[in-house]
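Take a look at the structure set out below.
We did not get these values from a lab; they are worked out from the coordinates using the rules stated. These numbers were taken from a predicted model, which means no experiment stands behind them. Note: ideal-geometry Cβ built from the backbone for every residue, glycine included; neighbour counts use all protein chains shown.
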Amino acid sequence: MEPIQAVKGMNDILPAEIVWWQRVEEAARAILETFGYREIRTPVLEKLDLFVRGIGESTDVVEKEMYAFTDRHGDWLALRPEATASVVRAYIQHNLQADPVCQKFYTIGPMFRYERPQKGRYRQFHQINAEAFGMDDPMLDAEIMHMLRLFLERLGLAGVSLNINSLGCPECRKSYRDTLVKYLEVHAGQFCPDCERRRSTNPLRAFDCKVERCQQLLSDAPVLLESICPDCAAHFGAVKRYLEEMNTPFAVNPRMVRGLDYYMRTTFEIITDRLGAQNAVGGGGRYNGLMRDLGGPDLPGIGFAIGMERLILLLQQGNSIQGRRAHVFVAALGEAARHRGFLLTQELRALGMEAEMDYEGRSLKSQMRRADKVGASRVIILGENEMARGEAQLRNMTDKSQTLVPLDGLAGELKRLAGEDLK
Ligand code: HAM
């Protein structure tokens, strides 16, 4: 019978790799909590309308990449393609505005986009996502990018850079839109069908088009940054100044528009040239109108998401992490010893130690080989003779020394030794 494979573009994360995921999550939690972000977990399924209204009807994510379907009741649902709209929905639904302490949230989990899978691009991928509500001050824009930089530094990630831009407010966009449409009309008929259509629906999206020809045609196009209003320019100027004061390096990229429609003013991306076509490790920005558009209070918001697969691919380049070592392996010979060994293994685990044993009655030699393979630092050898004397052999796998130890109180003794191993 043909074995069933996982869905294309959706990957298993196997134990050999999970250490990377745990390390990244641990570092993320530590830094986010320091900056006052608290964890929130929302469902992976939401009403389709949330993303259509939140992300924008004429974005690639909504037009082409959503896993959307009707359930048995006929309701339109979608697997979340990103987390921002969901976190905003939860904030509104639970009236979290009333919480005096926490207005900053983070969430870590899978997202789903129907894209063509390749290295660094998957249909189920994972994001570390941070969102802060209620604050319009440019200090926060700079702080969130600074936090991102600290996080990447703490992980030892090199070779990435921060690109920033301002997309202005709806007011500055209105006048810019006309200028851009005029430019697009001059080249009408030369863009891809999507961009031709975008000219009348959402012209700014053309900058986000993946077709090279369109990008070439846009190389002389006027950019939004040059026509933002004085308020937006002052906001952006302050963001840049704060970044400089915190020694967080950045480059202004006026052509970066981001792929989601909710952004305004500050937008940013962490980019790399070490992942082939997938050059964005993370991205984010301000979305002051989103909360209102989703039926909530008119509060500003800003946030970002890091793609965990891409981050881990980068961290793995030229680096390895040792798998976790089991502390104790119990090797037993004979039925009585196996029985005793089984109980000892459970006793060790109850004391919080990682313990393994052989359940298949193999030879001592093959049990020792297994102990070596699982990386045990100590092995307890229980043979018939030792058992009869109420003793066991304790082997130190690091210096290969072996001593006889009493079985009574052995679990406690091993616990003490494990503490010493860690020193
Ligand atoms: P985004 O730029 O669409 O932003 O995605 C953020 C990151 O998710 C990307 O930079 C990339 O690393 C990763 N990513 C996206 N699609 C895939 C994929 N198919 N396979 C692997 N990784 C992928 C957002 O999602 C916004 N919600 C970020 C945000 C939060 N803005 C404000 N708050």
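Miscellaneous remarks
- Whole-Å distance, taken between Cα centres, linking the stretch 251-290 and the stretch 354-401: 55 Å
- In terms of its alpha-carbon gyration tensor, the stretch 109-262 comes out oblate; a/c meets the 1.5 threshold, while b/c is at least as large as a/b.
- Which of Ile4, Ile381 has the fewest Cβ neighbours within 10 Å, and the rest in rising order: Ile4, Ile381
- Residues His327, His94, His146 in ascending order of nearby Cβ atoms (within 10 Å, fewest first): His94, His146, His327.
- Straight-line cross-link reach from Lys415 at under 17 Å between alpha-carbon atoms covers these lysines, not counting any fewer than eight positions away in the same chain: Lys423.
- The overall shape of the chain is prolate: from the C-alpha gyration tensor, with semi-axes ordered a ≥ b ≥ c, the ratio a/c is 1.5 or greater and a/b exceeds b/c.
- Computed FRET value (nearest 0.05) for Val101 with Gln22, which takes r as the C-beta separation and R₀ as 22 Å: 0.20
- Where only DSSP H runs of four or more residues are counted, the chain gives -12000 deg cm²/dmol as its mean residue ellipticity at 222 nm, each run worth -39500 (n - 2.57).
- Reachable lysines from Lys365, criterion Cα separation under 23 angstrom, eight or more residues apart if same chain: Lys373, Lys400
- Maximal additional length on extending the Ala350-Met10 stretch stands at 118.8 nm, based on 0.36 nm per residue less the C-alpha distance.
- Neighbour-count ranking [beta-carbon atoms within 10 angstrom, fewest first] of Thr84, Thr201, Thr107: Thr201, Thr107, Thr84
- Within a straight-line Cα-Cα reach of under 17 Å, Lys8 can be paired with the following aspartates and glutamates, leaving aside sequence neighbours fewer than 8 residues apart in one chain: Glu65, Glu115, Glu309.
- Gyration tensor (alpha-carbon) shape descriptor, the stretch 278-349, a/c threshold 1.5: oblate
- Residues within the reach of a label modelled at Cys192 (point 7 angstrom out along Cα to beta-carbon, backbone nitrogen below 11 Å), restricted to the stretch 208-233, are 208-215.
- Close amide H partners of Gly301, meaning residues 5 or more places away or on another chain with modelled amide H under 5 Å apart, are Gly134, Tyr287, Asn288.
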